[in-house]
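Visitor: Below: one structure in structure tokens.
The values are calculated or read from the model by the stated rules, or taken from the named source; none is laboratory data. Everything numeric in this text was worked out from a predicted model, so none of it was measured. Here Cβ is always computed from backbone atoms with ideal geometry, including for glycine, and neighbour counts include all displayed protein chains. These accessible areas exclude ligands, DNA and RNA; they are computed on the full protein's heavy atoms, side chains included. Shrake-Rupley method; radii C 1.70, N 1.55, O 1.52, S 1.80 Å.
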Amino acid sequence: MASLSHQQTEEFLHRYKVILPRLERWLWCRCKDAAARKDILEETLVKAWKQFGMWDRERSFKSWIMGILKNEWLAYYRRERRKGRIGQLTEAFDEELHSGAGAGAGAGAGAGAGAGIEAKMDWENIQSVLTDEEQTIVWLHYGEGCSYAEIAEILGKKVGTIRQKGSRAKEKLRSSFPKLCGSY
């Protein structure tokens, strides 16, 4: 890996700072352990930093770094599942959530702990209906404003496949949560 110039370093840091809240929100909905979220974000930062000089500028930075984050999260999840720790982490997250400590990242700017808990409970209901991939598509499209083309790039799938899975996810949500019909 070639070292980055001062200008590249400044560009990387600026881009990372802009995208960091999105990375945190995406990860907050998937990883229940606060320390693990921090570690995953740090690993994402290091990998992106090392690979920044090879980033294809025709590709969206958001899609590129979200792909790195997704892969880091999957690696963490697989490790923890092999260790049998996934259930323990869920219990720890529930404690964090109900104490109000975990509300910030998922709640959005200016929202208090109650809003974070309410948003998290809504997301938990949605998660119970959708597959992991559908959850990711819904979150990236509606929560992060990514286009289907960007989501396809992040997930390494064809745009048509993402559109189809997104449509199926919307139908599942409409039938399971009729009150949300206007939102999705």
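Visitor: Between LEU74 and SER176, what FRET efficiency comes out of the Förster formula 1/(1 + (r/R0)^6) with R0 = 22 Å and r the beta carbon distance, rounded to 0.05?
Guide: In this case the efficiency is close to 0.25.
Visitor: How much accessible area does HIS14 have with a 1.4 Å probe, in Å² rounded to the nearest 10?
Guide: Approximately 120 Å² of HIS14 is accessible to the 1.4 Å probe.
Visitor: Follow-up. Would you please give the FRET efficiency between LYS157 and ARG85, computed as 1/(1 + (r/R0)^6) with r the Cβ-Cβ distance and R0 = 25 Å, to the nearest 0.05?
Guide: 0.30
Visitor: Same structure again: Once R0 is set to 45 Å, what does the formula 1/(1 + (r/R0)^6) return for the Cβ-Cβ distance between ASN125 and GLN8, expressed as a FRET efficiency to the nearest 0.05?
Guide: In this case the efficiency is close to 0.55.
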